[in-house]
Structures are given as structure tokens and as C-alpha cells.
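The values are calculated or read from the model by the stated rules, or taken from the named source; none is laboratory data. The structure displayed is predicted, hence computed values, not measured ones. Note that we place each Cβ from the backbone using ideal geometry, even for glycine, and neighbour counts take in every protein chain shown.
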Amino acid sequence: MSEQPTPEPKSKPAAGKDSNSGGQFPTFRKPPPKPPEIKLGRPLPDVTLREEFAETARAQAAKVALTAKVKVHLFIGRGRTGKTTNIRYHAANLIKARRNIIVLDADRTNPVLAQYLNDIGMPENYTDNAIATFILETIVEAVPAGYHVLIDFGGGDTSLYNIIREMPDFIPRIQELGGAVIANYAIGASVDDLAPLSTLWSLGFRPTATAFLFNEASTGALQPSTFASIKEHSFYRDLSAKHNAVSILIPRLGIADIIESHRLNFVEAASIATAEQPNPLTLFQQMMMRGWLTNMEKAYEPIAGWYK
């Protein structure tokens, strides 16, 4: 019988990275990094634009110091840009807050404020001289007495041009009386909407503060490029950079035609109907009205102190 070969002993693994000898532990490959979380949804163009307006408005408003307690608000701009809507909004709020205010309707082509608000001041006639005299006499009496004055100028109206041309120190005189003059400039989506304010500026018009009121209702769906032609214009950029003009995006009121057909002021339209004060709007329309008022308050928040 032949001898069987003796099996060779198994060799021990050498000490090292693959060995447990010498108190060392084996190493393992690291797991792959966790993939980034998937973002849900997408930014909405109108939300992005609203946030941009709000952020810029807060930064601009911080540069404007209005120390005067009495304000003279001039609502100016081309027709159908929202002047009357904005003055109705502020007048109704000031009346509700029991502030001393005087509202003047200097719109010779469409004097409708008296259909929405009580005790509206109107000139005896709508010639340039009559409007100018009426406005100046009212301001001179109202400001020292502590009354805020809100004036609605008609679209394309020339009465303010004539006041500035014939009385270059119009604004300094009001400031001497203790009032601040605020230009509330309503504007749509057309770059031509800058023209009336540009003309006033060329005549030496320099209000204490300026607010550009961009009217969402003058556009279609809001996009980041909406109002780009205006914001890129040198006149707008100059007023924003050198004179701290503040831009506010005024939200669209979806039931504006219904409100106007009933000749309601905005506070009444949002109120709950009572026996003493009925509300002709449906509950849904009242909810829309209250939502719009909330959005208006948010829009004006950076310059809320200008209207108190």
C-alpha cells in the first residue's frame, strides 16, 4: 500500500487590513451618500412677484422718514389705473378708525367718490382755477387743524400741473404748515403710464414721499416679467434709487364690478348683514371682499404708517 501524502497545514492570514489578528477589526465600504430630497411643486410666478415687491418695498420704506403727523395724499395717474379704488380703500379705513380726514374729488371727468363715501368735498365747478383754489384753500385750513387730506385727481387731469407751475413752492408751504405731501401714483402695465408723473417731475414736483401703486387688475396673469418695461425705465429707476420711491403691488379685486354696481364702500361690502345695515352681496362675495382687504393690508404693510 502506497503512503498517502501528508496534507500541508493551512496558512494563517497575514496580519493586516483583512485580518482580525492583533486586535484590528475589518473595514467595510461606506454606504453611498443619501440622495438629495426631491422638491415638491414649483414656485408660482405670481407668488414670486408678490414676494419681490414686498421685500423691495420694505427696504425702500426704511429709508423714508415721515415725521409729520398730518398727511396730504395726492392720488394721481392715468385713467383706469386704480386711483379711485385706492383712495376709497384708505378713506374707508381712516373713517372706520375715526381719524380726522377730508376727501376731495378733483376728478372733472368722473367725480364718483360721493357715490361711495359721505361728506366728499367738490369744487363749485371744474375749471382749472376753481379746482386749484378749492384744493389750496382746503389744505391751508385742514392741515393746521390736524385733518388728513386725500385728493383724487382725474386721469390725465391738468389741474395739478397748473398748481405746480403757478405755485412752485406748493409742497414746501404745506410742509411749513406741518403736513407731509405723499404722491400715490397709480400705474398699470404700460410704460406710458409713467408719463404724467414724469411731466410733474419736470415742473419741479417733489413730494415728501412717493408710492408707485402697481395695479394687478391692469394685467393678465402675473409673471416675473410683468411690469418689467416700467421697472427698467430710467425715470422709474431714478425715483426709486435717488428719491426712495416705494413700489406696492395692488391685488386684483375679482368682484370690483359688483361692488361698483351697488355703490358700496369696501368696509360695508365686507361687513356681515344686519337689520340696520343690509348687505346686498352673497356670502361668497363677502368672503372675497374680506380676502381682498386682507391682501390689501399685506400689500401696504411696508408703508402702513403713511396712512395713519
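Among the residues of segment 142-169, count how many are within 19 Å of residue 82 (Cβ to Cβ) and modelled with pLDDT under 95.
Total satisfying the criteria: 6.
Can residue 214 be described as modelled with pLDDT of 95 or more, outside any helix (DSSP H, G or I) and in contact with a strand residue (DSSP E or B) (Cβ under 6 Å, 6 or more places away or on another chain)?
yes
Take segment 113-129 and flag every residue that is of a type outside the set (Phe, Trp, Tyr), surrounded by 15 or more Cβ atoms within 10 Å (Cβ to Cβ) and over 24 Å from residue 70 (Cβ atoms).
128
Show the residue pairs that are 6+ apart or on different chains and have beta-carbon atoms under 7 Å apart, the first residue being within segment 280-295 and more than 19 Å from residue 216 (Cα to Cα), the second being crowded, with 18+ Cβ neighbours inside 10 Å and modelled with pLDDT under 95.
Every condition considered, the pairs that remain are 281/269; 286/270; 286/279.
Of all residues in segment 165-201, count the ones that are assigned to a helix (DSSP H, G or I) and either touching a strand residue (DSSP E or B) at 6+ places or on another chain (Cβ under 6 Å) or over 29 Å from residue 217 (Cβ atoms) (or both).
Going through segment 165-201 one residue at a time, the tally reaches 11.
Among the residues of segment 282-293, is any small (Gly, Ala, Ser) and either touching a helix residue (DSSP H, G or I) at 6+ places or on another chain (Cβ under 7 Å) or modelled with pLDDT under 95 (or both)?
Scanning segment 282-293, I find no residue that is small (Gly, Ala, Ser) and either touching a helix residue (DSSP H, G or I) at 6+ places or on another chain (Cβ under 7 Å) or modelled with pLDDT under 95 (or both), so the answer is no.
Could you please find all residues in segment 229-246 being in contact with a strand residue (DSSP E or B) (Cβ under 8 Å, 6 or more places away or on another chain), part of a helix (DSSP H, G or I) and of a type in the set (A, V, I, L, M, F, W, C)?
If the condition is that a residue be in contact with a strand residue (DSSP E or B) (Cβ under 8 Å, 6 or more places away or on another chain), part of a helix (DSSP H, G or I) and of a type in the set (A, V, I, L, M, F, W, C), then 230, 239 are the ones that fit.
Does residue 160 satisfy the condition of being touching a residue at least 24 places away in the same chain (Cβ under 8 Å), assigned to a helix (DSSP H, G or I) and surrounded by 23 or more Cβ atoms within 10 Å (Cβ to Cβ)?
When the stated conditions are applied, residue 160 passes them.
Checking residue 19 against (1) assigned to a loop (DSSP other than H, G, I, E, B); (2) at pLDDT 60 or above; (3) of a type in the set (Gly, Ala, Ser); (4) surrounded by 12 or more Cβ atoms within 10 Å (Cβ to Cβ), which single condition isn't satisfied?
(2)
Name, by its number, the condition in (1) in contact (Cβ under 8 Å) with a residue 24 or more places away in the chain; (2) in contact with a helix residue (DSSP H, G or I) (Cβ under 6 Å, 6 or more places away or on another chain); (3) assigned to a loop (DSSP other than H, G, I, E, B) that does not hold for residue 226.
Residue 226 satisfies every listed condition except (2).
Under the condition of being among the aliphatic types (A, V, I, L, M) and out of contact with any Gly (no Cβ under 8 Å at 6 or more places or on another chain), which residue from segment 130-148 is surrounded by the most Cβ atoms within 10 Å (Cβ to Cβ)?
131
Quick check, is residue 64 part of a loop (DSSP other than H, G, I, E, B), among the β-branched types (Val, Ile, Thr) and modelled with pLDDT of 95 or more?
Here the answer is yes, as residue 64 does meet what is asked.
Here's the yes/no breakdown for (1) over 14 Å from residue 186 (Cα atoms); (2) surrounded by 23 or more Cβ atoms within 10 Å (Cβ to Cβ); (3) touching a residue at least 12 places away in the same chain (Cβ under 8 Å); (4) among the hydrophobic types (A, V, I, L, M, F, W, C):
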{"site": "65", "(1), (2), (3), (4)": "yes, no, no, yes"}
{"site": "70", "(1), (2), (3), (4)": "yes, no, yes, yes"}
{"site": "77", "(1), (2), (3), (4)": "no, yes, yes, no"}
{"site": "81", "(1), (2), (3), (4)": "no, yes, yes, no"}
{"site": "91", "(1), (2), (3), (4)": "yes, yes, yes, yes"}
{"site": "94", "(1), (2), (3), (4)": "yes, no, yes, yes"}
{"site": "102", "(1), (2), (3), (4)": "yes, no, yes, yes"}
{"site": "106", "(1), (2), (3), (4)": "yes, yes, yes, yes"}
